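Trainee: A single structure is presented below for examination.
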Amino acid sequence: GEHAAWQAEANPDVGLIAAEVFVNGVASLLRHVEERKIANIRVHAEDARPLLAALPDACLDRIFLLHPDP
């Protein structure tokens, strides 16, 4: 959640969608969003792949795909 929160704060004029499958990751991100009053981020508490497949073509300008350490 730290990266998504940082990106949202650093780019307040950009709308972000953060997808996270782990409950602790979602909780951490939501805590950052609430504490910092971040308004330009939406949280998708599931796998990003179905979300990306459902979005219209060319609707995203940039994607950050982060993988957890093994």
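Trainee: For the chain, which trypsin sites (Lys or Arg not before Pro) are in a loop by DSSP, counting at most 15 other Cβ atoms within 10 Å?
Mentor: Filter output for the chain: K37, R62.
Trainee: Moving to a separate point now. When the Karplus curve 6.51 cos²θ - 1.76 cosθ + 1.60 is applied with θ = phi - 60°, which whole-Hz ³J(HN,Hα) does each residue of segment 26-38 get, with x for Gly and Pro?
Mentor: 5, 4, 4, 4, 4, 5, 4, 4, 5, 5, 9, 6, 7
Trainee: Moving to a separate point now. Hey, rough spin-label estimate for N11 and S28, points 7 angstrom out along Cα→Cβ, what's it come to in nanometres?
Mentor: For N11 paired with S28, the spin-label model returns 2.1 nm.
Trainee: Taking the Cα-to-Cβ direction at L52 and at K37 and moving 7 Å from each Cα, how far apart do the two end points lie in nm?
Mentor: 3.4
Trainee: Let me ask something else. Would you grab the residues whose amide H sits under 5 Å from the one on I17? Only those 5+ places off in sequence or on another chain, please, with H modelled 1.01 Å from N.
Mentor: R42
Trainee: State in Å² the accessible area per residue of the chain; use a 1.4 Å probe, count heavy atoms of protein chains only, and round to the nearest integer.
Mentor: The answer is 79 Å² per residue.
Trainee: Moving on. Evaluate the Kirkwood expression for the hydrodynamic radius of the chain, namely the inverse of the mean inverse distance over all pairs of different C-alpha atoms, and round to one decimal in Å.
Mentor: About 12.7 Å, per the Kirkwood formula over Cα pairs.
Trainee: Over the chain, with every protein chain in place, what whole percent of the accessible area is carbon and sulfur at 1.4 Å, could you tell me?
Mentor: 56
Trainee: Ok, one more. Hey, in the GNM for the chain with a 10 angstrom Cα cutoff, which one of V26, V43, V14 fluctuates hardest?
Mentor: Greatest mean-square fluctuation among the candidates belongs to V14.
Trainee: Restricting to DSSP loop positions (anything but H, G, I, E, B) with no more than 14 other Cβ atoms inside 10 Å of their own Cβ, which GluC sites (Glu not before Pro) remain in the chain?
Mentor: Taking the chain and a limit of 14 other Cβ atoms within 10 Å, the loop GluC sites (Glu not before Pro) found are E46.
The values are calculated or read from the model by the stated rules, or taken from the named source; none is laboratory data. Quick caveat: nothing in here was measured; it's all calculated off a predicted structure. Cβ: placed from backbone, ideal geometry, glycine included. Neighbour counts: every protein chain shown. Areas reflect the complete protein model, heavy atoms only, side chains present, ligands, DNA and RNA absent. Shrake-Rupley method; radii C 1.70, N 1.55, O 1.52, S 1.80 Å.
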